[in-house]
1. Quick test for you: out of G154, G59, pick the one residue that is assigned to a strand (DSSP E or B) and open to solvent by less than 60 Å² (accessible area, probe 1.4 Å).
2. Among T98, T86, which is the only one that is in a loop (DSSP other than H, G, I, E, B), touching a residue at least 60 places away in the same chain (Cβ under 8 Å) and under 17 Å from the mean Cα position of the chain (by Cα)?
3. Condition first: among the aliphatic types (A, V, I, L, M) and either farther than 23 Å from G102 by Cα or modelled with pLDDT under 95 (or both). Now tell me which residues in region 34-60 satisfy that.
4. Would you pick out the residues in region 103-124 that are among the hydroxyl-bearing types (S, T, Y) and either more than 16 Å from I42 (Cα to Cα) or in a loop (DSSP other than H, G, I, E, B) (or both)?
5. So, V127, is that one within 30 Å of S174 (Cα to Cα), modelled with pLDDT of 95 or more, assigned to a strand (DSSP E or B) and open to solvent by 70 Å² or more (accessible area, probe 1.4 Å) or not?
6. Within the set of pairs 6+ apart or on separate chains, which have a first residue in region 116-132 that is on the phi < 0 side of the Ramachandran plot, a second that is of a type in the set (D, E) and open to solvent by 40 Å² or more (accessible area, probe 1.4 Å), and C-beta atoms under 9 Å apart?
7. Among the listed residues F173, F168, F122, which satisfies the condition of being within 12 Å of the chain's Cα centre (by Cα) and either over 20 Å from N52 (Cβ atoms) or of a type in the set (D, E) (or both)?
8. Restricting to region 128-156, give me the number of residues that are of a type in the set (S, T, N, Q) and under 25 Å from T61 (Cα atoms).
Amino acid sequence: NNGVAGNNFDADSSCDLWLLMPASTRDHLWDHELPADFTEHIINPSFEDNQNGWQQIEGKTIDMYHQNNNSFGMKNGGWYLEQYNTNGTYGVQQTLGTLPNGYYKVTVKATYNGNDGKAVFFANNKVVEITDGVKELSIILEVTDGILTFGVKGVEVEAGKWLAFDDFRLYYFSN
């Protein structure tokens, strides 16, 4: 599938079924059923299966760690990803293909306690900085080519700074 999730047609996939629906049905759903939760299209959104479905960001110098302690209070399930006490650039991303074009909201729960370097949550060309304190962050964006790439990265972070995140979610709003 060329490293892009969702490239194969699946009759059970709400994404593929959406594309097959008549416009009048889509309009009715838009009026009564949206935003639609598309989180099921994210592979391993809460890292319960380690980093399966996720790719290391381009330019990374160190890996993220799969962690199951209780230090990150907003984890969903038993696991989350973190990096602590190592200099470098790191992060993970995932690309979803064959999404219906339209407006989406991508969310993640994250924290970063550094004031050197930078930690960001990104989706396509939109970026939100991650700051100290655990927060749910969101990005609303338009997908025009059916492809959405999103993730978290720390850039040129100094040792002793902690980046942790979990629980990605995806919502479809409209075309």
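The values are calculated or read from the model by the stated rules, or taken from the named source; none is laboratory data. Worth saying up front: this structure is predicted, and the values here are computed from it rather than measured. Backbone-built Cβ (ideal geometry, glycine too); neighbour counts: all protein chains shown. Accessible surface is based on the protein model in full, side chains and every heavy atom, while ligands, DNA and RNA are left aside. Shrake-Rupley method; radii C 1.70, N 1.55, O 1.52, S 1.80 Å.
1. Only one candidate passes the filter, namely G154.
2. T98 is the lone residue from the list that is in a loop (DSSP other than H, G, I, E, B), touching a residue at least 60 places away in the same chain (Cβ under 8 Å) and under 17 Å from the mean Cα position of the chain (by Cα).
3. Quick first cut of region 34-60, residues among the aliphatic types (A, V, I, L, M) only: 34, 36, 42-43, 57.
Correct list: L34, A36, I57.
4. If the condition is that a residue be among the hydroxyl-bearing types (S, T, Y) and either more than 16 Å from I42 (Cα to Cα) or in a loop (DSSP other than H, G, I, E, B) (or both), then Y103, T111, Y112 are the ones that fit.
5. On the way: within 30 Å of S174 (Cα to Cα): yes; modelled with pLDDT of 95 or more: yes; assigned to a strand (DSSP E or B): yes; open to solvent by 70 Å² or more (accessible area, probe 1.4 Å): yes.
In short, yes.
6. These pairs meet every condition: D116/E156; D116/E158; K118/E129; K118/E156; A119/E129; V120/E129; F121/E129.
7. Criteria check complete, one pass: F122.
8. Of the residues in region 128-156, 2 are of a type in the set (S, T, N, Q) and under 25 Å from T61 (Cα atoms).
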